[in-house]
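Here's the structure we're looking at; comments come further down.
The values are calculated or read from the model by the stated rules, or taken from the named source; none is laboratory data. Nothing here was measured: the structure is a model prediction, and the numbers come from that model. In this analysis, Cβ positions are derived from the backbone assuming ideal geometry, glycine residues included, and neighbour counts consider all displayed protein chains.
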Amino acid sequence: MEPIQFLSNTTPALTFGKNPLAFGAGSLGGDSARPRYHRGVSRPRTYTTDLSHFLSDNGDVVVEGRAGELALYFGLMVEFGSVMDVEAVFVVPMPCSMPGRRGRCGTRLVVGRPSSDALEWSCPSCGDGGRITSWRRSCFDLSDGVLGAKFEAADEERVDAVVPLEELWAMRRLGGGTAQLRRLLVDASNFGEGYALFEASYPELEGLRDLATAVAELTRGADRRRLDRFAARLDAFRTTLPEFLEPSEGPVNLDDAIAGGVPATAIALARDIATRRGHDDVYVEDLLEAESELEQRRKMLLN
Ligand SMILES: [Zn+2]
């Protein structure tokens, strides 16, 4: 699928030059086209970023501290831009949150790719914006060309995962992970107020869940809770039973079920349910019951 279609599910594409959110010297230079900003919030700033200043020769971030935070902030914008077509502009599921800036704006940023090498970004609320160059082939470049064959969609079954933006954002800021896993989150489209939707296979959901769990261990406070909830949510998304478990005679072979992708949480719950029902073995009905219970939990998490 083309990146632009991924992103355009729910987010209208904007056009350079026709939209007040569009970039270029005119809109960022400060005149009537500049977005309004609120009293008490500092003046909008324009950032010109040559990402290579933050990176080693092989494209990894080498700076620490404040500069490292900035490199990551711009890098997360680059991840969006790197999967866009040239001339595309999107509202992306990333809050305006410049490191070191007083107060939290939090408005979703607009990111565009005016040419193959340059990215531009702006905040429709506070007016911050900028241009990023020298990002190609960096660790933030998640384009098909860089990910290569690994990203070619396998014939695996894929499911839609809906997650709150604040959890997605915590995961993108803190999660790291392979380029393939980060690409899944970058392809997320806006889904209603405060949510994003992305597609993933069961092994990918498992990878993201394990990553979120591991990073949560190292994280404190609100971000830890966000990552824990993100992991729990993905666990619930993984519980759709494969087709081979359509109701049949006899107990389920749990080794087959595990090999077929039924998550450990569903198996454990199904064992409890079977015991409660006085079964010595787990039957398909027990697994289905476990799945529906996990689905209920998932809905509760989303509410
Ligand atoms: Zn802003």
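Tabulated data
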item: Within segment 187-221, tally of residues that are in a helix (DSSP H, G or I) and without any contact (Cβ under 8 Å) to a residue 24 or more places away in the chain; result: 6
item: All positions within segment 97-133 that are outside any loop (DSSP other than H, G, I, E, B), away from the ligand (no atom under 15 Å from the Cβ) and more than 21 Å from Asn190 (Cα to Cα); result: Arg131, Ile132, Thr133
item: Filtered residues of segment 50-64 (kept if outside any helix (DSSP H, G or I) and in contact with a Ser or Thr (Cβ under 7 Å, 6 or more places away or on another chain)); result: Asp50, Leu55, Gly59, Val62
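Residue-by-condition table, conditions (1) under 14 Å from the mean Cα position of the chain (by Cα); (2) small (Gly, Ala, Ser); (3) modelled with pLDDT of 90 or more:
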position: Glu193; (1), (2), (3): no, no, no
position: Tyr202; (1), (2), (3): no, no, no
position: Ala212; (1), (2), (3): yes, yes, yes
position: Glu217; (1), (2), (3): no, no, yes
position: Phe237; (1), (2), (3): no, no, no
